[in-house]
Amino acid sequence: MGFATDCIHAGQEPDPTTGAVTVPIYQTSTYVQEGLGKHKGYEYARTHNLTRRTLERNLAALEGGADAYCFASGMAAVQAVLTLVKAGQRVVVSDNVYGGTHRLFTKVLANYAVEFAFLDASDPGTLEKEAGRFDLLWIETPTNPLLKICDIRALADLARRRGAILVVDNTFMSPFFQRPLALGADIVVHSTTKFLNGHSDSVGGVAVAKEEKHAEWLRFVQNAAGAILSPFDAFLVLRGTKTLHLRMPRHEENARAVASFLVRHPKVQRLYWPGLPDHPGHAVHKGQASGFGALVSFELGGLEAAKRVLGRVRLCSLGESLGGVETLVSHPATMTHAGYTQAERDALGITSGLVRISVGCEDAADLVADLDQALSVA
Ligand SMILES: Cc1ncc(COP(=O)(O)O)c(C=O)c1O
């Protein structure tokens, strides 16, 4: 089936009891059993929940994986995937990943004798020389918030030659624009909080595995560690994915309008959006994704200018997160990337004058007008 059909139907059957076209919220903690060892395949809701399972089947289809498992947040999904790594192993991570991922790796998981190396993964040749031995390669592409591009095919090949697995955080693109498993990645993770849900009313995460052996481990960990997505959140994300194919083109069309306005604005010193022909990695991105997405970052040259603009936006809301139908603006240095040290942010170019926009689905002219009036005080 085509992508739109999968968004709406994959993994979903009319409810067997009533024929309800929308999968119900199975809000139950347990299931009555007919006798010892005799039940309908549902024993306890941490292990089995049909609303969650339906979403998992839907997301596995959208990413083209063997199976998918949903977690209580994007970070819970990240942590579940990292249980594939054992003490003494080494993880290479593309630099300027989401600050929460950096924090989990450096402040929590590093305590369990796993080594993390954060490296620029935008040039596979350089990475190959610098990476040394590794067991898992973790990338975001485009990265958060500088939108650096990593070549998924080349990095999948490198990981394979090292006997390692490649994990791609595909939150920024969604499977509508980019399907890393088809390009050679082993596992895809998402914060479903973002584009998959799309309506800024749920927090969740998913890990999708290409192969059954990784899926089986994720299934085991989901039940063993228990950081499951709630039935209500699963219902919301399932409703969100039904319109993913309608929302994503609109997000991108609006991002193009916003980027075209900002790139010409005299107060904007630098613009980051993969759709600009001179964006580093533009050609690589075009070769692995069908669109450029809705995240646009720009440099205003200093904290005071950023503060003034962020304090003046009206239609665009100042807030963390991304991927909702409403436009959100944020300040990575003090918000999403506060977990990095000042020195780490300086080295990466996450300056105090950097602003990130998650462009929503409003009328583009209204967004541009709002940014125009806000920038007048920069
Ligand atoms: C790229 C990326 N990955 C993972 C996460 C973590 O997701 P959550 O906030 O749902 O835990 C985020 C959150 O902003 C993100 O932007």
Rounded to 0.05, the calculated FRET efficiency for the beta carbons of V263 and V21 at R₀ = 35 Å is 0.20
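Roll a 1.4 Å probe over the protein chains and send me the accessible area per residue for the chain in Å².
Heavy-atom accessible area per residue stands at 41 Å².
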Where the accessible area of the chain is counted over protein heavy atoms with a 1.4 Å probe, how much of it, in %, is carbon and sulfur? 55
Mean ellipticity per residue at 222 nm, deg cm²/dmol - from DSSP H runs of n ≥ 4 across the chain, formula -39500 (n - 2.57): -10500 deg cm²/dmol
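Within the set K40/K194; K86/K286; K194/K267; K129/K286; K107/K210; K107/K242, which residue pairs have Cα atoms separated by over 32 Å?
Cα-Cα > 32 Å for K40/K194; K86/K286; K107/K242; rest within.
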Over the chain, consider all pairs of different Cα atoms and compute the Kirkwood hydrodynamic radius from their mean reciprocal separation; express it in Å, one decimal. 21.3
Might you report the magnitude of the Cβ-based charge dipole of segment 34-183 about its Cα centre, with Lys and Arg at +1 and Asp and Glu at -1, to the nearest 20 debye? 420
Total charge of the residues flanking P231 in space, meaning their Cβ is under 11 Å from its Cβ, with Lys and Arg +1 and Asp and Glu -1, is +1
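Charges at C-beta only: +1 for Lys and Arg, -1 for Asp and Glu. How large is the resulting dipole of the chain about its Cα centre, in Debye rounded to 20?
260
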Not counting the cut sites, what is the longest span of the chain without trypsin sites (Lys or Arg not before Pro) that DSSP labels loop and that have at most 12 other Cβ atoms within 10 Å? 134-263
Does anyone have the angle between helix 231-241 and the longest principal axis of the chain? Alpha-carbon axes, 0 to 90°, nearest 10? 60
What spacing in nm lies between the two simple spin-label points modelled at T126 and K107, each 7 Å away from Cα in the Cβ direction? 2.8
Describe numerically, in nm with one decimal, the distance between label points set 7 Å from Cα along Cα→Cβ at K38 and at E320. 5.1
To test your reading of the geometry: what angle, between 0 and 90 degrees and rounded to tens, separates the Cα axis of helix 50-63 from the longest principal axis of the chain? 50
GNM top mover of M75, M248, M335 - the chain, alpha-carbon springs below 10 Å: M335
Looking only at segment 322-358, which residues have a backbone nitrogen under 15 Å from a spot 7 Å from the Cα of R308 in the C-beta direction? 353-354
Would you kindly state how much longer the chain becomes between A87 and H199 on full extension, computed as 0.36 nm times their sequence separation minus their alpha carbon distance, in nm to one decimal? 36.5 nm
So E362 and R160, fully extended at 0.36 nm per residue minus their Cα-Cα distance, gain in nm 68.5 nm
Which FRET efficiency, nearest 0.05, do A66 and E253 yield, Cβ-Cβ r, R0 41 Å? 0.75
Quick one: go through segment 90-132 and flag any residue whose amide nitrogen is under 16 Å from the point 7 Å out along the Cα-to-Cβ line of A338. 99-104
Would you mind working out the magnitude of the charge dipole of segment 75-164 relative to its Cα centre, with +1 at each Lys and Arg C-beta and -1 at each Asp and Glu C-beta, to the nearest 20 Debye? 280
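Taking 0.36 nm per residue of sequence separation and subtracting the Cα-Cα distance, how much length would be gained by fully extending the chain between A117 and F232, in nm to one decimal?
Difference between extended and current length: 37.7 nm.
The values are calculated or read from the model by the stated rules, or taken from the named source; none is laboratory data. This structure is a prediction, so every number in the text was calculated from the model and none was measured. No Cβ is skipped: glycine too gets one built from the backbone with ideal geometry, and neighbour counts run over all protein chains shown. Surface accessibility is based on the protein's heavy atoms, side chains included, excluding ligands, DNA and RNA. Shrake-Rupley method; radii C 1.70, N 1.55, O 1.52, S 1.80 Å.
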